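The values are calculated or read from the model by the stated rules, or taken from the named source; none is laboratory data. Predicted model only: the values in this text are computed from it and were never measured. Methodologically, a virtual Cβ is constructed for each residue, glycine included, from the backbone with ideal geometry; neighbour enumeration extends over all protein chains shown. The area values use the complete protein model at the heavy-atom level, side chains included, leaving out ligands, DNA and RNA. Shrake-Rupley method; radii C 1.70, N 1.55, O 1.52, S 1.80 Å.
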Amino acid sequence: AGVLPGTPVACPRGAVPVRLRIPVIDVDAQVEILEIIEGEMEQPTGAEDVAWYKESARLGERGNILIAGHLNFWGVPEGVFFRLEQLREGDVVEIEGDDGETYRYVVQWTEDFPSDEEPPEEALGQPEDEEILTMITCGGEWNAGRAEYDHRTLVRAVRAEEEGTPAATPGD
């Protein structure tokens with residue numbers, strides 16, 4: 001009502017992630033905003049940093065939120081995602097948005113794939129009908145010749161229902 005044809009209308013966006021918490025593996029990290037440049041994900045700045053890629057979905061939007069963190073780092077044997085591979089179906093991930101809200105996700109699966117292969121489309125694709133979260137880190141064995149790990153660890157989680165979602169506790 002009252003809008004002329006052809007007048008641009010603002011497209012509301014979801015919240016930007018600012019903090020990631022995964023209680024079951026003792027993660028509590030600030031989120032930095034990075035980019036995917038020419039198909040390559042920029043690496044998080046430090047061992048305790050996680051990165052959200054601004055080309056991916058935002059909190060509260062349908063699509064795939066991509067977050068990466070280090071397994072370890074130069075001189076730091078255990079990075080923020082050192083225990084990411086320990087996540088199991090039902091574990092809870094919380095992300096605080098720049099809107100002050102906390103968004104809860106429930107892990108569906110954890111999977112490794114060779115680092116010299118493209119990740120599966122289901123892992124990094126942008127679904128139109130779900131709010132999902134994909135977390136990624138290095139995994140497997142260190143390959144000194146290539147100066148990288150031979151696998152990547154992916155964790156997929158889906159947005160939890162607002163009411164009645166049980167919180168995972170260590171040892172569940």
Can you put Glu148, Glu118, Glu85 in order of accessible area, largest first, using a 1.4 Å probe? Glu118, Glu85, Glu148
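Between Asp98 and Asp26, take the C-beta separation as r, use R0 = 30 Å, and let me know the FRET efficiency to the nearest 0.05. Show your work: numbers first, answer last.
Values: r = 24 Å, r/R0 = 0.80.
For Asp98 and Asp26, the calculated efficiency is 0.80.
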For Lys54 and Ile33, extending 7 Å from Cα along the Cα-Cβ vector and measuring point to point gives, in nm, a value of 0.5 nm
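Where does each of Phe82, Phe113 land when they are ordered by accessible area, with a 1.4 Å probe and the largest first?
On the way: Phe82 80, Phe113 15 Å².
Of Phe82, Phe113, the descending order of accessible area is Phe82, Phe113.
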Protection-proxy order for peptides 27-39, 92-104, each taking the mean of Cβ atoms within 10 Å per residue, highest first: 92-104, 27-39
